[in-house]
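Scroll down for the structure; my scribbles are underneath it.
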Protein chains: 2
Amino acid sequence: MIKDLSSFYSKNALAMKRSEIRELLKFTRKPEIISFAGGLPAPATFPVKELEEIAVQVLREKGAMALQYGTTEGEAPLREAIAGWMTHEKATIKPDNILVTAGSQQGLDLVAKVFVDPGDILIVELPSYIGGLQAFTSYRAKMVGIPMDDQGMRMDKLEKVLAKLAQRGKKPKFIYTVPDFQNPSGVTMSLERRKQLLALAYRYGVPILEDSPYRDLRFTGEPVPAIYSLDDQDQVIVLGTFSKIFCPGLRLAWIMAPAEWLDKMIVAKQGMDLCCPTYNQLIAAEYLRRGLLPRQIEAIRELYGRKRTLMLKALKQHMPKGVRWTKPEGGLFLWVRLPKTMNASELFPKAIEEKVAYVKGSAFHCDGKGLNTMRLNFSYASDEQIAEGIQRLAAMVKKNLC
Amino acid sequence: MIKDLSSFYSKNALAMKRSEIRELLKFTRKPEIISFAGGLPAPATFPVKELEEIAVQVLREKGAMALQYGTTEGEAPLREAIAGWMTHEKATIKPDNILVTAGSQQGLDLVAKVFVDPGDILIVELPSYIGGLQAFTSYRAKMVGIPMDDQGMRMDKLEKVLAKLAQRGKKPKFIYTVPDFQNPSGVTMSLERRKQLLALAYRYGVPILEDSPYRDLRFTGEPVPAIYSLDDQDQVIVLGTFSKIFCPGLRLAWIMAPAEWLDKMIVAKQGMDLCCPTYNQLIAAEYLRRGLLPRQIEAIRELYGRKRTLMLKALKQHMPKGVRWTKPEGGLFLWVRLPKTMNASELFPKAIEEKVAYVKGSAFHCDGKGLNTMRLNFSYASDEQIAEGIQRLAAMVKKNLC
C-alpha cells in the first residue's frame, strides 16, 4: 500500500484550497439554522413546468442528437441563442465568439489553465469571488488584490500596481473583475471606472476577464454599460451563465471572447471534458427560442429585489451603530463591515450558537485581510427567515461589541 | 489590440494538442463518406422512450433539487447506484469511493491535474487512448510507451522500464491502461498480465489508472477480472462511464478510488466546475433504480457484436495478403496493421478519395510510431456501410501495396 500520498500529488494539487463556502454548507444545512452563507438561487424561481414540456420535446424531436456526443464549442442552436441574447449589449457578438462551458466555474478553470503558469501575476479585486480565487490558486497564480470602494475597483491603486510591475518588466496575465453587483460585496463598478479600467488595460496591454453572472438582475437604478460593450480593442474575455437567471442544475454557462482567444480555449476544453451535455444544451436553446428568458429574469428580479429590501430594512432596524453595509442595486449578496476591532471569523461559532450563518469576508480576500467583514446572501432565505435571521445576527454582534 | 497572443498563454496551453479525431470529424461528416473514424455509439441504442418518462418524473418529483446546485462529489442516489452496480466486480466498493465526473475525459483531466507536474513520467500503452494522451500532454507529462501484443501491455518491457527508472531514482506518477477491448487496438489484457501488472505496481510503488469504458460490452469469450477487483493494496484508480453503456449526451462518468485519493480529487473538481448537472444525475440514478441498465447493455452488445462480425467477415473477404487485424471480443474498435512499408497517414487522402475514412494509428502512439496502423470503429456505421466501406478500404490498400 502506498503510504505517502503527498509525494504523488502535483504542486498544483498541493496548493489547492477547499472552498470555505462549500465546506460551510454542510455545517449550515441544519434546518434550525438560518443561513445567509450560501449563494443559492431561490428554487421557487425555477421554471419546472416549462422544462417538463421542453425536456420531452427535445427527446421526441432530437433524441438521437440530444443523447449523443456534441461538438466541443457547443451546440449551434445554443451558441446562436446566446450570441443573439448578448447582442442587446454589443451588436458585433457572433456565435463564433461563444464557447459553452459547464458553469462559469469551468470558464474560470479553463481561462486559468490557458493563461496561467505558476507564479504568473493576476489582478483581482479585494474582495473577490471565491471560486475565481480557488481556480487561480489551483494553477499557482500570484494574485495581487486591488481595494474597492463604493464605485468598484480603485483605478488609482490599479494604475500604481501596473506601473510598478511594468518598471520591473512584469505584466499581469489578466485583470479579473465582477463589475455588476459583485459577489461578495454587492458593489457595481461606475461607468467612469469602467472607462479608466479599459484605458489602463490598453495602455499596459493586459486583457480583462469580466465575470458577469448577476448583470441582468438589477432591481433599481440605471444599468451601467458592460465593460465588453465599451471595448473596441478585443481585449475583454467575458464569463456569462444561466445559473442565476435560469437555473444552475443544467450547469450551462459560456465564455465570450475574440475568436482568436477562443480557439485555444476550445482545444483546452477538448482535453477537459470533450463537450457539455448535448441534452442540456438543446433544452436551454429551446427555452431561449421560446422567448421565456426575459419573463424568468423579471420574476427573479422582483423576488430578489423584495428580499434585498427586507434585509436592508432589518439591518437598519437591528444593527448597532458602527456597523455598515452595502446597498446593492441587484444581484444576490450584500456586504457587512463590522467595527475594525471585530473579527467575523472568530464570531462565526457564536453566530452558529444563535442559529444564523454568514461567510466571513476574509475568505474573499487573496491577502487574507477583511477580518471585520462578512457576506450575506438574500436570495435563498424566506422573508420570515430574513427578518428573524438578521435580528439574531444583530443580537450576536451587539453582545460582542468591544 | 494585443497582437502576440502566445506571450499570454501558459506553457501548458502551448503544449496542448488538438484531438486529431475531433478535427477529422469535420472532414468525415460528408454524407458520401463511410466513416470508421469516429468512436460514436450507435444512436439506435439510446433509450429515448424511457428517458422521456424519467426526465419528466424527475422534474415533477424533485424539480427544485434537480435544477439547483449539487454537491461536488455527486448526488447521493447516483453515487449509491454506481457503487451498487460496481459491487458485482468488487464487493467492497462504497458510495464514498465514487466521484461523479463530466465524462471520463474529465476523469483523465482531473487525475492529471492532481498528479502531474511538468516533466513527470507516466506509463502509457503503445497504442493508447488519444483522449488520455491529450489530457496528459496538457499538463506536460513525459509519457513512456510500453508495447502491446495480443495479451495486452508487455510486462517484460514494463519491468525493464520501471527498473531503469528506479536506478535513476525516478518513479512514474501512474501506469495508464485500458485493459478491456482497448481503444484503439481492441485488445484485452490477459489475466496473467493483470496479475503481473499489479505485482509490478506494488513492487515499484506506482498507482494504476484503469480506464474502463468498454468492459461491459463483451460479445464473446469469458470476462477477465477487472484489475481493481484483483487489487488488495488500494493502488488502483478506476474510470467508469455511462457513455458507452447508456448514452454519452448526459456526460456522466465516475472516478472510483480509495477514499484518501478521492478527497483530493473532490477539492480539485470544486475548482473545475463545482459539480455535475444535478438534473442529469437524478435522471441516471432513476434509470439505474428502475433496473434498465442490464437490458440496455444486452441490446448494445448484440448490435455491436453483429457489426464486429460483419466487419471481420468483410476484412477477411477483401483485404490483400500481408494485412492483419485484431479480432476484439468486445468494445467498439479494431486495429489494422498494414505491411511495414505502408503509411496510413499518407494513405488517408486516398481513402477519402475512395469515400472511406479511418484514424491513422500513429495518432495513438505517444512516440509517433505505428505508421502502418489504423483504427476502425464498427459501432456507428450501418451494416451495409460496413460491407461497402471495407470493400472500398481494401481496394485502396491493394492499389497502393508496394
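We did not get these values from a lab; they are worked out from the coordinates using the rules stated. Everything quoted here is computed from the prediction, not taken from an experiment. Reconstructed Cβ throughout: ideal geometry from the backbone, glycine too, with neighbour counts over all protein chains shown.
What the table below lists for this structure:
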| quantity | calculated |
| --- | --- |
| Cβ-vector label at 7 Å, B:C402, separations to other copies in nm | 8.2 |
| Amide hydrogen neighbours beyond the local backbone of B:V359, cut-off 5 Å, H modeled | B:R375 |
| 16 Å Cα-Cα reach of B:K244 towards lysines, excluding residues that sit fewer than 8 places from it in its own chain | B:K307 |
| Exposure proxy ranking, count of Cβ atoms within 10 Å, fewest first, for A:C247, B:C402 | B:C402, A:C247 |
| Charge dipole (debye, nearest 20) of the stretch B:48-292; +1 at Cβ of Lys and Arg, -1 at Cβ of Asp and Glu | 680 debye |
| Neighbour-count order for B:T137, A:T72, B:T373, B:T220, fewest beta carbons within 10 angstrom listed first | B:T220, B:T137, A:T72, B:T373 |
| Of A:A257, A:M86, A:N280, farthest towards positive along the dipole that unit charges on Lys, Arg, Asp, Glu beta carbons give the stretch A:48-292 | A:A257 |
| Förster radius 60 Å - calculated FRET efficiency between B:E192 and A:A166 (Cβ-Cβ, nearest 0.05) | 0.40 |
| Overall form of the stretch B:1-84 per C-alpha gyration tensor (a/c, 1.5; a/b vs b/c) | oblate |
| Spacing of the two label points (7 Å from each Cα toward its C-beta) at A:Y202 and A:E61, in nm | 4.4 nm |
| Cα gyration tensor category, rounded, prolate or oblate, for the stretch A:114-174 with a/c compared to 1.5 | oblate |
| Backbone N within the stretch B:352-379 under 18 Å of label point (7 Å from B:A395 Cα along the Cβ vector) | B:352-358 |
| Integer Hz, Karplus 6.51/-1.76/1.60 couplings in order for the stretch A:200-217, x for Gly and Pro | 5, 4, 5, 4, 9, x, 10, x, 10, 10, 9, 9, 10, x, 10, 3, 7, 9 |
| For the stretch B:48-62 versus the stretch A:334-402, the gap between their alpha-carbon centres in whole angstrom | 41 Å |
| Unit charges on C-beta of K, R, D, E only; dipole of the protein assembly as shown, Debye | 1600 debye |
| Chain B, relative contact order [Cα under 8 Å, separation at least 6], % | 24 percent |
| Fraction of beta bridges assigned by DSSP in the stretch B:48-292 that are antiparallel (%, nearest 5) | 40 percent |
| Peptide A:111-122, shielding by other chains (average Cβ, 10 Å cutoff) | 4 |
| Amide H within-cut-off set for A:K142, under 5 Å, with H built and near neighbours excluded | A:G119, A:D120, A:I121, A:L122 |
| Per-residue ³J(HN,Hα) for the stretch A:259-273, Karplus 6.51 cos²θ - 1.76 cosθ + 1.60, θ = phi - 60°, Hz, x for Gly and Pro | 3, 5, 5, 4, 4, 5, 5, 5, 4, 4, 5, 3, x, 8, 7 |
| Sum of side-chain charges, A:L14 neighbourhood, beta-carbon under 11 Å (Lys, Arg +1; Asp, Glu -1) | +3 |
| Whether chain B is rounded, prolate or oblate, judged on the alpha carbon gyration tensor where a/c under 1.5 counts as rounded | rounded |
| Whole-Å semi-axes of the ellipsoid equivalent to the protein assembly as shown (Cα gyration tensor, √5λ, descending) | 47, 27, 27 |
| Contour minus Cα-Cα distance for A:A259 and A:L5 (0.36 nm per residue) | 87.3 nm |
| Per the axis that maps chain A onto chain B, nearest residue of A (Cβ criterion) and its distance in Å | A:A55, 2 |
| Distance histogram for the stretch A:306-375 (every C-alpha pair counted, 5 angstrom bins, percent rounded to whole numbers) | 3, 16, 24, 28, 20, 8, 1 |
| DSSP-defined antiparallel bridges as percent of all bridges, the protein assembly as shown, nearest 5 | 55 percent |
| Net charge of Cβ neighbours under 10 Å - reference B:F219; Lys, Arg +1; Asp, Glu -1 | +3 |
| Straight-distance crosslink candidates among lysines, where the alpha carbon sits under 19 Å from B:K11 and sequence neighbours closer than 8 are dropped | A:K11, A:K113, A:K142, A:K170, A:K171, A:K173, A:K264, A:K269, B:K3, B:K113, B:K142 |
| Average other protein chain Cβ within 10 Å of Cβ, residues A:7-18 | 6 |
| Charge context of B:A83, other residues only, Cβ under 9 angstrom, K/R +1, D/E -1 | 0 |
| Order of A:M153, B:M311 under a 10 Å beta carbon neighbour criterion, fewest first | B:M311, A:M153 |
| 5 angstrom amide H check on A:G330, placed H, neighbours 5+ away | A:F219 |
